[in-house]
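None of the figures in this text is laboratory data; all of them are computed from the coordinates on show. Note that the structure is predicted; figures quoted are calculated from it, not measured. Counting neighbours? That spans all protein chains shown, and the Cβs are built from the backbone with ideal geometry, glycine included.
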Amino acid sequence: MPLEAPTTNTRSSFSETGTLNVYHCQIRMSQPSLIFDAHLDLSMNAMEWNRDIRLPLVDIRRRETGMKDLPDRGNGTVCLPEMRKGRIGLCVATQIARYSARFSKLPGWQSPEQAWAQTQGQLAWYRTMEQAGELVQLRTWQEVSAHASLWRNATSTSKLPIGYLLSLEGADSILSMKHLEKARNSGLIALGPVHYGPGIYGHGTDDEGQLTVRGHELLKKMEELNIILDATHLCDESFWDALSRFRGPVWASHHNCRSLADWNRQLSDDQIRALIERGAVIGMAFDAIMMVHNWVHHKSKAQDFNLKIEKICDHIDHICQIAGNAKHVGIGTDLDGGYGTEQTPMDLNSIADLANLSTPLAARGYKPADIDNIFAGNFLRFLKDNLK
Ligand SMILES: [Zn+2]
């Protein structure tokens, strides 16, 4: 967004007669060398959706033909081969397990102990994928930096392991601060205290209220252990409570703009401003419900809105205009977060299609360096500064 950048590229060349020709060219950007996706629920897909995400997308979809238990059956957009194809060589991958109290309407485990055990099963899946050479866990900046270079310099990515940093979406499974220490020792680098509704540590999307006393204790321990606070899913009161107390690094892993998709799940302009002041990077999500106003869950279709990948540029622009630069936006697709093509832009059939975002960004005047920062550089810079 390029406060002063042109909206079309102007290229000059000399003709054979030696006169200078200036012409406008149709922008068609080359593929990015690396995409960093700050939010994928890989292990949830493996262990709860029962998807072998090492398989080609077509096979995963075929195996789900006729299944009706989940809305995204047969419509998934994420698997490891598609990530490699789209050069999504680095991601933040979650452990996720909610606790659902007795009269809650939200799905979840009936005890926090079950939720903890579920996250440990998810961790076992990540470890198994590491042993199989499919994934590699990254814990330090040196590891992240070396892995990013490996991908950026590779001519073919089809055999490369995908690097992941471990995060926890919703902290209900953290039974005690000892369990948080254990999680940190397993390589946990980021944590979002809540998910949807009320949680043990605070209040999430579609709910109200500040963090709980245990939530305050959690933030203190996160500071001590150098765990990044993921602001995504904090309801407004919990968001402001968390930001006023937490002194460590903050990001918003998968989060769009409320002014463009009116729902408390998204960030208000004041929240965007506060995050930018803290040096945060905000990951753009490609869930249709988070991209446009008035999407009706399980009813609307991308065609009703003529929704294409390019729409995310409005969200990117909005944040860049508030920041006055293009340094606080990244990608956090959430593309395997419980929905598939029934709830993605019309031109997003697989996560590999993300690479096509280069073209509309360039058409809006983003320079190649800005585009690279949005695809990977901004989150990498954040990790360089904050990964201890
Ligand atoms: Zn989420």
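Observations
- Flag if GLU130 is part of a helix (DSSP H, G or I) and either farther than 16 Å from ALA93 by Cβ or among the β-branched types (Val, Ile, Thr) (or both): no
- Counting only residues that are more than 13 Å from the ligand (Cβ to nearest atom) and not in a loop (DSSP other than H, G, I, E, B), the stretch 192-216 holds 6 of them.
- If the condition is being within 19 Å of THR205 (Cα to Cα), in contact (Cβ under 8 Å) with a residue 24 or more places away in the chain and either within 16 Å of the chain's Cα centre (by Cα) or in a loop (DSSP other than H, G, I, E, B) (or both), then the stretch 73-104 contributes THR94, GLN95, ILE96, ALA97, ARG98, ALA101, SER104.
- Qualifying position, being without any contact (Cβ under 8 Å) to a residue 40 or more places away in the chain, crowded, with 21+ Cβ neighbours inside 10 Å and touching a helix residue (DSSP H, G or I) at 6+ places or on another chain (Cβ under 8 Å), among GLY209, GLY215: GLY215
- The set of residues in the stretch 76-108 that are over 15 Å from VAL194 (Cβ atoms) and of a type in the set (A, V, I, L, M, F, W, C) comprises VAL78, CYS79, LEU80, MET83, ILE88, LEU90, CYS91, VAL92, ALA93, PHE103.
- Residues of the stretch 346-374 classified as part of a loop (DSSP other than H, G, I, E, B), over 14 Å from GLY86 (Cβ atoms) and touching a helix residue (DSSP H, G or I) at 6+ places or on another chain (Cβ under 9 Å), total: 3
Here is a yes/no grid of residues against (1) touching a strand residue (DSSP E or B) at 6+ places or on another chain (Cβ under 8 Å); (2) within 16 Å of the ligand (Cβ to nearest atom):
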{"residue": "ASP37", "(1), (2)": "yes, yes"}
{"residue": "MET44", "(1), (2)": "yes, yes"}
{"residue": "ASN50", "(1), (2)": "no, no"}
{"residue": "LEU55", "(1), (2)": "no, no"}
{"residue": "THR65", "(1), (2)": "no, no"}
{"residue": "ASP69", "(1), (2)": "no, no"}
{"residue": "ASP72", "(1), (2)": "no, yes"}
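- Condition met for SER158 (over 19 Å from the mean Cα position of the chain (by Cα) and either in a loop (DSSP other than H, G, I, E, B) or of a type in the set (A, V, I, L, M) (or both)): yes
- Of all residues in the stretch 304-345, those that are part of a loop (DSSP other than H, G, I, E, B), within 16 Å of the ligand (Cβ to nearest atom) and not small (Gly, Ala, Ser) total 6.
- Residue that is surrounded by the most Cβ atoms within 10 Å (Cβ to Cβ), among those in the stretch 240-259 that are part of a loop (DSSP other than H, G, I, E, B) and more than 16 Å from the ligand (Cβ to nearest atom): PRO249
- Considering the stretch 39-72, the residues that are outside any loop (DSSP other than H, G, I, E, B) and without any contact (Cβ under 8 Å) to a residue 24 or more places away in the chain include one that is surrounded by the most Cβ atoms within 10 Å (Cβ to Cβ), namely ILE60.
- The one condition in (1) surrounded by fewer than 20 Cβ atoms within 10 Å (Cβ to Cβ); (2) under 29 Å from PRO345 (Cα atoms) that ASP287 fails to fulfil: (1)
- As a summary of the residue check, GLU237 satisfies the conditions (1) part of a helix (DSSP H, G or I); (2) touching a helix residue (DSSP H, G or I) at 6+ places or on another chain (Cβ under 7 Å); (3) more than 16 Å from the ligand (Cβ to nearest atom) except for the one numbered (2).
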